[in-house]
Amino acid sequence: MQSLNEYLRFIVTLAAVVDPFLAVPMFLAIAGAQPPERRRALARTVGLVVFVVLTLAAVIGDSLLLFIGASLPAFRVGGGLVLLLMALAMLNAQAGGVRQSRAEAEQVQSGETGGVVPLAIPLLAGPGAISTTIIAAEKGGAAHLAVLIGCVALVALATWAALRQASPIAEKLGVTGLNIATRILGLLLAAMAVQTMAEGLKGLFPALAG
């Protein structure tokens, strides 16, 4: 088990990576014209998919790293770089190529997608969220893993709530408000990304910790 501050840090980092505010306009582009029942069902499905994907990342992340022969410090540096690229895009109020490719964005705009893909994967539960969860789960222990899954559930629940209230949120905040929220989360994520990379570099090069 880690300290409460470590779990709070994980929740804040994961919430910034998932960023439901960035998904609100895309959710409305996909489901805005659908009946309220369909929108609520899609929001529930997206939240559930986010929870399942990140829970699997927490459970099998250790085995995955062992399989590919990557050390945790190396994964921290790589994962931190992914988070930093996402943060830089968020500071410009954009999804960025790490989170969503141009083809996926065009698919959303054309209405050719059912919503779970690419909204849940890879926009919300994408490389950044998966790497963040794997890194956090590496600190080990069944009790730690259980608490970590609880943290993932909180973020997935917040995502579901944000998407379920996507229309009121978009009306109250507007484009500017949503962009400001995304930029604030991007700033927090940039700091977390640099910290993650620094911890990884110290593990790879112990002399840096001296």
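Seen against the Cα atoms of the chain and their longest principal axis, helix 20-31 is set at about 40 degrees.
The calculated 222 nm mean residue ellipticity attributable to helices in the chain amounts to -26500 deg cm²/dmol, summing -39500 (n - 2.57) over DSSP H runs of n ≥ 4 and dividing by all residues. Between the alpha-carbon centres of the range 1-74 and the range 141-206 there is a gap of 9 Å. Here the contact order of the range 4-203, divided by its residue count and restricted to Cα pairs under 8 Å and six or more residues apart, works out to 46 percent.
Near V77, within a Cβ-to-Cβ distance under 14 Å, what is the net charge of the other residues, with Lys and Arg +1 and Asp and Glu -1?
Details: positive: R76, K202; negative: E138, E199.
After counting each charged neighbour, the total is 0.
Among [x] 57, 33, 31; [y] 48, 37, 30; [z] 68, 44, 29, only one was calculated for this model; which label is it, if the read-out is Cα extents along the principal axes in Å? So the structure-derived entry is [x]. Please identify which residues in the range 156-192 have an amide N closer than 17 Å to a label point set 7 Å out from the Cα of R9, following the Cα→Cβ vector. Counting backbone N atoms under 17 Å from the label point, the list is 188-192. For the range 13-63, just list the percent of Cα-Cα distances falling in each 10 Å bin from zero outward, please. Pairs per bin, as whole percents: 22, 45, 25, 8, 1.
In square nanometres, what is one fourth of the surface area of the convex hull spanned by the alpha carbons of the range 138-210? Write out the running numbers ahead of the final one.
On the way: hull surface 27.6 nm².
Average projection, Cα convex hull of the range 138-210: 6.9 nm².
Extension gain for the segment A191 to F205, taken as residue separation times 0.36 nm less the Cα-Cα distance, is 2.9 nm to one decimal.
Bear in mind that the values in this text are calculations on the coordinates, not laboratory data. As the structure is a computational prediction, the values presented were derived from the model and not from experiment. Cβ atoms come from the backbone with ideal geometry, glycine included; neighbour counts cover every protein chain shown.
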